[in-house]
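Single-structure report; data block below.
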Amino acid sequence: MELELRTYLLLLVEDSSSDAELVAEMLADPATKQYNILRAASIAKALDQLKTTHVDVILLDLILPDSTGSGSVKAIRAAANNTPIVVLTGTNDEQLALVCIDAGAQDYLTKEEMRPHTLRRAIGYA
């Protein structure tokens, strides 16, 4: 019996093209779950996407042109209701991580520590 892999639709809220490409590369392993990635380079663009598209998980950078920190999580949480949010950030700040979790994020990964298996695991748990 062959196992059918589900395809997940992710919204990546990231203003850095190189970071967005890195995330896509980390999720490109065909032997694991399949991911289709939509990208928004700002909170405003992400909110527009969420008005018309249901996504399975939101990957959220905390430093964006129009929002920073836990305010980004709060804005997305208000628009996305129960959609899981995984914070991806270059900031290694335990206090900020706790604030983001309190604001509605399911997980907090630093870009420095992010590896393909940890990213896929965070998405799966979310």
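Checked against (1) open to solvent by 30 Å² or more (accessible area, probe 1.4 Å); (2) at pLDDT below 95; (3) farther than 20 Å from residue 120 by Cβ, residue 17 meets all criteria but (2). Would you pick out the residues in segment 94-108 that are open to solvent by less than 50 Å² (accessible area, probe 1.4 Å) and over 12 Å from the mean Cα position of the chain (by Cα)? Scanning segment 94-108 gives 96, 97, 100, 103, 104.
Every listed requirement among (1) closer than 21 Å to residue 36 by Cα; (2) open to solvent by 20 Å² or more (accessible area, probe 1.4 Å); (3) part of a loop (DSSP other than H, G, I, E, B) is met by residue 91 save one, (1). Only one of the numbered conditions (1) touching a strand residue (DSSP E or B) at 6+ places or on another chain (Cβ under 7 Å); (2) closer than 15 Å to residue 14 by Cα; (3) buried (at least 18 other Cβ atoms within 10 Å of the Cβ) is violated by residue 111, and that is (3).
Selection of segment 51-85 for residues being open to solvent by 30 Å² or more (accessible area, probe 1.4 Å) and not charged (D, E, K, R) yields 52, 53, 54, 63, 65, 68, 71, 75, 78, 79, 81, 82.
The values are calculated or read from the model by the stated rules, or taken from the named source; none is laboratory data. The model shown is predicted, which means the values in this text are computed figures rather than measured ones. Every residue, glycine as well, gets a Cβ built from its backbone with ideal geometry; the counts of neighbours run over all protein chains shown. Surface areas here come from the heavy atoms of the whole protein model, side chains and all, with no ligands, DNA or RNA. Shrake-Rupley method; radii C 1.70, N 1.55, O 1.52, S 1.80 Å.
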